[in-house]
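Everything below concerns the one structure shown next.
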Amino acid sequence: TNLLYNDPKKRPRVFLVVSPNPREGKTTLAIHTGVIFATSGLRTVMVDTDMRRPRMHKALNVSPKNGGVVPYLVQGGVVTDFINPTEVPNLDILGCSVRPPNPVELLQSAAFRALVNELQSRYDIVLFDSPPMLAVADCRILSTYVDSVICVAKARQTARESLRESRR
């Protein structure tokens, strides 16, 4: 509820889930958030943009349709040919099983911008799972496409300085 109604002027629809460092719970939180949105009746798609260490499809036990997000961005086509439904009604996933040599270039491409627009036209909620914020530049690029960023911190593990740096 807080995510959807935090800004009274504009209801966010596109979210980016980040963390400062690896293994702090980004993917788990993204999946649980997606399930909550979907079970509340919102058509939701989760996109695995952690192209260096894609895990979302494994956690959901699906094989990314036609390779997922990377082949779609490189080859083009109809986005629905790359999206998997999940067992949860209203919840789909655009996974990632192909690791590209150039994730930053793909995220900065016109094809990625078109993908974001296409997903916004088809879904109520779009959730991006990203790589660790302090490790690579991907999050900074992805943040320009979204309405809201959700930063995950792991209790007794994430350093406060890492969170401060991530916020900056």
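The values are calculated or read from the model by the stated rules, or taken from the named source; none is laboratory data. This is a predicted model, so every value here is computed, not measured. Cβ atoms come from the backbone with ideal geometry, glycine included; neighbour counts cover every protein chain shown. Heads up: the accessible areas ignore ligands, DNA and RNA and are worked out on the full protein's heavy atoms, side chains in. Shrake-Rupley method; radii C 1.70, N 1.55, O 1.52, S 1.80 Å.
Where does the charge balance sit around Leu16 when Lys and Arg score +1, Asp and Glu -1, over other residues with C-beta under 13 Å from its C-beta? After counting each charged neighbour, the total is -2.
This model, with +1 at the C-beta of Lys and Arg and -1 at the C-beta of Asp and Glu, gives the stretch 123-168 a dipole about its Cα centre of some 380 debye. Remark: the stretch 87-100, residue by residue, has Karplus-estimated 3J(HN,Hα) of 6, 8, x, 6, 10, 10, 9, 9, x, 8, 10, 10, 8, x Hz, where x stands for each Gly or Pro and the curve is 6.51 cos²θ - 1.76 cosθ + 1.60 at θ = phi - 60°.
What's the magnitude of the charge dipole for the chain around its Cα centre, counting Lys and Arg as +1 and Asp and Glu as -1 at the beta-carbon? Answer in Debye, nearest 20.
Numbers: 22 positive and 15 negative charges, 104 e Å.
That gives a dipole near 500 debye.
The 3J(HN,Hα) values that the Karplus relation (6.51, -1.76, 1.60; θ = phi - 60°) gives for the stretch 11-21 are, in residue order, 7, x, 10, 10, 10, 10, 9, 10, 8, x, 10 Hz. Gly and Pro appear as x. Computed from label points 7 Å out along Cα-Cβ, the spacing between Ser109 and Ile36 is 3.3 nm.
Calculated [222 nm] ellipticity per residue, helices only, for the chain: -9500 deg cm²/dmol; basis is -39500 (n - 2.57) per DSSP H run with n ≥ 4, divided by all residues, nearest 500.
Near Lys58, which lysines are there with a Cα under 30 Å away, not counting those fewer than 8 places off in the same chain? The qualifying lysines are Lys26, Lys154.
Where does each of Thr49, Thr144, Thr28 land when they are ordered by accessible area, with a 1.4 Å probe and the largest first?
Numbers: Thr49 0, Thr144 100, Thr28 75 Å².
Order by accessible area, largest first: Thr144, Thr28, Thr49.
Across the protein chains, with a 1.4 Å probe defining accessible surface, the residues Glu105, Glu161 rank Glu105, Glu161 from largest area downward.
For the stretch 83-129, rounded, prolate or oblate, judged on the Cα gyration tensor with a ≥ b ≥ c (square roots of eigenvalues), a/c < 1.5 rounded, else prolate if a/b > b/c? It is oblate, given that a/c is not under 1.5 and a/b is not larger than b/c. Projecting the Cα positions of Leu3, Ala59, Val78 onto the charge dipole of the chain (unit charges on Cβ atoms of Lys, Arg, Asp and Glu, taken about the Cα centre) puts Leu3 furthest along the positive direction. Here Rg/Rh (Cα atoms, Kirkwood Rh) was calculated from the structure, and among (i) 1.02; (ii) 0.97; (iii) 0.94 it sits at label (iii). Put the Cα centre of the stretch 1-46 next to the Cα centre of the stretch 125-157 and the gap is 11 Å.
When Rg and Dmax are taken over the Cα atoms of the stretch 2-60, they come to 12.5, 37 Å.
Here each label is just a point 7 Å from Cα along the line to Cβ, and for Ala137 and Gln157 those points are 2.8 nm apart. With a cut-off of 17 Å on the backbone N, the residues of the stretch 19-54 near the modelled label site 7 Å out from Asn102 along Cα-Cβ are 51-52.
In order along the stretch 125-138, the Karplus-derived 3J(HN,Hα) couplings, from 6.51 cos²θ - 1.76 cosθ + 1.60 at θ = phi - 60°, round to 10, 10, 10, 9, 9, 10, x, x, 5, 7, 8, 9, 7, 3 Hz, and Gly and Pro are given as x.
Note on exposure: Glu118, Glu87, Glu24 ranked by accessible area (1.4 Å probe, complete protein assembly) read Glu87, Glu118, Glu24, with the most exposed listed first. Think of the chain as a dipole: +1 on every Lys or Arg Cβ, -1 on every Asp or Glu Cβ, centred on the Cα centre; then among Leu119, Ala155, Thr27, Ala155 lies furthest on the positive end.
Show me the helices of the chain, taken as full DSSP H stretches, that run 15 Å or more along their long axis by Cα and average -0.5 or above in Kyte-Doolittle hydropathy.
Numbers: long enough: 26-39 (20 Å, 0.94); 110-122 (18 Å, -0.02).
Helices passing the filter in the chain: 26-39, 110-122.
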